[in-house]
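What follows is one structure encoded as structure tokens, with my remarks underneath.
Taken together, the values in this text are just the output of simple stated rules run on the coordinates, not laboratory data. Keep in mind the model is a prediction, meaning the values are calculated, not measured. Glycine also receives a Cβ, built like all others from the backbone with ideal geometry; neighbour counts cover every protein chain displayed.
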Ligand SMILES: [Fe+2]
């Protein structure tokens, strides 16, 4: 398709937006498909009323009860389940689990500990992604109270992103993946006199218990390219441009058939005076977008704290809050750490999670 333009337009997206105007991106396939930039005198988030279900949502996971080890479902569809899991140290009994519904990516929102797996031990701390492939047996053992944002891919494995022209080692080097350590696991088991003789398996969200006469973590050795691993956010190297705001997809950390996981990290802001510094207003026409606020100063939104989650369904434009647009002028870098999950299919809100919604969120773009 050829490009076409009318009226006021820019020759480079997110740059040189005429004074007193706002840019809205309308694009297909996330940030990869056909795209146009509309120049408007007001942001498209200036609604005065919304009637009907298509509202932006804000939830507070901090308010959820700390139910030890329970998979508290937040959002879901056929491709994905997003859960909150708390592992308090007090009276914690490590149990061996196996997820036959899909691959599980745990993002360690808080805490520290280790994960026993059939492939060896994986130590974790705040800021780690821990990837446990489908049907691999594992057991968390927290040494500090742990909170896990749990992302289950029900239709495919988590894969590394396509790095394209940025090169093979961009964003993160595969050498940064923390591999399981079998020797350390055997010594930990011995030292703690631990034996896992029961495995709980989840299939179609129903748990089945398998009991054994001896410990299930008894692997003597292994080879192959299918194994659990961890990746810490400090080993992610954000890609930035001094001249122009890059789309969120540049922060893609893992991809699946149904959704992508991106990590927003502290990074320097654009230095060109005509470059847009806040995330651009856009319609993610083909994706429902989830943001989990992990740590730092969330400058693009008002009144947010760590542990909050937003859901911006496809079908309406969104973008920074009016205060953020003003505040960014003085900023030279971002401090926020957030995990974004963009889902191709529509996400549903678990009725239990609805209780933790802050219902007035849709009003937060209105000028006060
Ligand atoms: Fe978005």
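Averaging Cα coordinates gives a centre for the range 203-254 and one for the range 301-349; these two points are 24 Å apart. Here the extension length gained between residue 187 and residue 9 equals 57.6 nm, from 0.36 nm per residue of separation less the Cα-Cα distance. A Förster distance of 45 Å, applied to the separation of the beta-carbon atoms of residue 143 and residue 244, puts the FRET efficiency at 0.55.
Taking a ≥ b ≥ c as the square roots of the Cα gyration tensor eigenvalues, the range 181-235 comes out oblate, since a/c reaches at least 1.5 and a/b does not exceed b/c.
Once the C-beta distance of residue 70 and residue 156 is scaled by a Förster radius of 35 Å, the resulting FRET efficiency is 0.85 to the nearest 0.05.
Would you work out the relative contact order for the range 226-305, in percent, from Cα pairs under 8 angstrom that are 6 or more residues apart?
Computed over the range 226-305, the figure is 24 percent.
Once each part is reduced to its C-alpha centroid, what is the distance from the range 153-178 to the range 73-136 in angstrom? Centre-to-centre (Cα) distance: 20 Å.
Assuming 0.36 nm per residue, please report the length gained on full extension of the stretch residue 204 to residue 62 beyond their Cα-Cα distance. Working shown, then result.
Details: separation 142, 0.36 × 142 = 51.12 nm, distance 2.73 nm.
Result for the pair: 48.4 nm of gain on full extension.
Between residue 28 and residue 173, what is the FRET efficiency for a Förster distance of 45 Å, r being their Cβ-Cβ separation, to the nearest 0.05? Spell out each step's value before the answer.
On the way: r = 31 Å, r/R0 = 0.69.
Plugging the Cβ-Cβ distance into 1/(1 + (r/R0)^6) gives 0.90.
Relative contact order of the chain, please, whole-number percent, based on alpha carbon pairs below 8 angstrom and at least 6 residues apart.
Details: 847 pairs, mean separation 81.6, N = 368.
The normalised contact order for the chain reaches 22 percent.
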